[in-house]
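Contents: one structure, followed by commentary.
Read-outs: derived from the displayed coordinates by stated rules, not from any lab. Not measured: the values here are computed from a predicted model. Quick reminder, even Gly has a Cβ in these numbers, built from the backbone with ideal geometry, and neighbours come from all protein chains shown.
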């Protein structure tokens, strides 16, 4: 379907561009959200008549988003989740979780503004993009941990899973005598046992 864009859309174009998209994408997302118009003669005339207003509205929204960007950029959202010893989450972190964390810190965002490239299913620190406006994108950090202490360590750059496996010590190890016969009890244990009986 041929459409006329009413705002900049990543990977498609900017205001006024006439592009071809799949019918479902146009009918289900672009047209209902007033991000585009069907490309026909009547809509082209309407767009050209209102182009100055559409561009000035877009510029005003971009300025507002730029002002808010300073309040959002660089924030860190700490999310405490249950996870296995290998660091796999029981579930995943959603855009709603990140949006709620930012709102709790005073940012003016919606979950539609959060851009996750892939679901977060492990503990760690992840960069998440926040599109405040199609032309204003900032980055925040999502710190997913099993406890507040773990979150603090991760914020300092420590990989808690590697640290956990590095700090593990082996279990009980038996003293090994290469000269001992199989089934023979070491002499120091016999002496200690004899003194304990006495």
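Quick rundown of the values:
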item: Inter-probe distance in nm under a simple model that places probes 7 Å from Cα toward Cβ, at residue 105 and residue 28; result: 3.3 nm
item: Ellipticity estimate at 222 nm from DSSP helix runs (n ≥ 4, -39,500 (n - 2.57)) divided over the chain, nearest 500; result: -11000 deg cm²/dmol
item: Highest-first arrangement of 46-54, 123-131, where packing means the average Cβ count within 10 Å; result: 123-131, 46-54
item: Helix 95-104 vs. the chain, principal-axis angle (Cα, 0 to 90°, nearest 10); result: 90 degrees
item: Net length gained if the chain between residue 20 and residue 40 were fully extended (0.36 nm per residue, minus Cα distance); result: 5.9 nm
item: Reported label for calculated Cα extents along the principal axes in Å given [x] 45, 40, 30; [y] 63, 37, 33; [z] 108, 35, 22; result: [z]
item: Using alpha-carbon coordinates, inclination of helix 187-197 to the longest axis of the chain, degrees; result: 70 degrees
item: Acute angle (nearest 10 degrees) that the helix 41-72 long axis makes with the longest principal axis of the chain, alpha-carbon atoms; result: 40 degrees
item: Efficiency of FRET between residue 147 and residue 51 - r from beta-carbon atoms, R0 45 angstrom, step 0.05; result: 0.25
item: DSSP bridge orientation in the range 76-167 - percent antiparallel, rounded to nearest 5; result: 75 percent
item: The chain - share of DSSP beta bridges that are antiparallel (%, nearest 5); result: 80 percent
